[in-house]
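Read through the structure below, which is laid out as structure tokens, and then see the notes.
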Amino acid sequence: MWWGLVCAALAAVLYGMASVLQAIAAQAGPEHAAPRALFRLLTHWRYLLGFALDGLGFLAQVLALRTLPLFLVQAMLAGSLAVTALGARWLMRTALARGEWLSVLAVGAGLALLGAGAAREGAAHTGTAFHLAVLIAAGGLAVPAWLSARLPARVRGPVLGLLAGFAFGAVAIASRVFDPAVWFADPAAYAIPVAGVVAVLAFAAALQRGRITVATAMMVLGETLLPSLIGFTALGDAARPGFLPLTALGFAVAVLAAIALARFGEPGPVHASPERD
């Protein structure tokens, strides 16, 4: 179990630094999400570097999901916001305020409680119907993501961020349940790239269509709460006997402190010209 915790922590660090690079790339470009502007963001070198870190983080997350409950892994990934806050402050060379440090410490304390109360991953069997449902849900998220472009400007970013979180959550669920022995015959294996594409595009659009901090917080909510609920209800995840209250407290503290940190994770304006980027 210890190496699963190491992998989850590594994934949080990689995801956090990736968010910083992607946010800087988004702020260096235009503040709208026309297809041309979105393509320019997706090909920006900082965004591509962040995407590479996301890929490494995903590999670490998959390894963690093979031994740890979904709720523990996803809550630890919520701690990536602490990494984002620290990374943004380091790149912008500004200091963390007292409240920011307290939030960082609260994330760590919540994760420590989770680690103390979490059992190993659940052993509940999921059949083909469940795997197919994950695939359909992953592809189906593309529809509300596309329709959200018609929402008022003040809600587009948060909605896209939440949908990106749901899609990232679908990636986590599919990564947990797919069977490597029948890779090409398992619908869950196809759900991973489908949900991943929807998540990347939705979050990239959210970065351009609203406040980065709000979009990030909504993404964390979606990718943490939904998989955790499914882990408990369908995958057999559970806390150690007698540790459920402690686990619930740790989960709440980690997620809420991470969301509080989201407002500190937004880098300042980037003044470099597009030609120099």
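Details
- Cβ crowding within 10 Å averaged over residues, with 56-64, 237-245, 99-107 ranked highest first: 56-64, 99-107, 237-245
- Extension gain from Asp179 to His125, taking 0.36 nm per residue of separation minus the Cα-Cα distance: 18.3 nm
- Where labels lie 7 Å past Cα in the beta-carbon direction, separation of Ala153 and Leu42 in nm: 2.4 nm
- Volume per residue of the C-alpha convex hull in segment 2-262, rounded to whole Å³: 120 Å³
- A simple packing score, the average count of other Cβ atoms within 10 Å per residue, orders the peptides 137-149, 192-204, 66-78 as 66-78, 192-204, 137-149, with the highest score first.
- Computed E for Trp90/Ile136 - FRET, C-beta separation, R0 45 angstrom, nearest 0.05: 0.60
- Note on Ala252/Trp2: beta-carbon distance plugged into 1/(1 + (r/R0)^6) with R0 of 25 Å gives a FRET efficiency of 0.55.
Read the figures in this text as sums done on the coordinates, not as results from a lab. Source: prediction; values computed, not measured. Neighbour counts run over all protein chains shown; Cβ positions are idealised from the backbone, glycine included.
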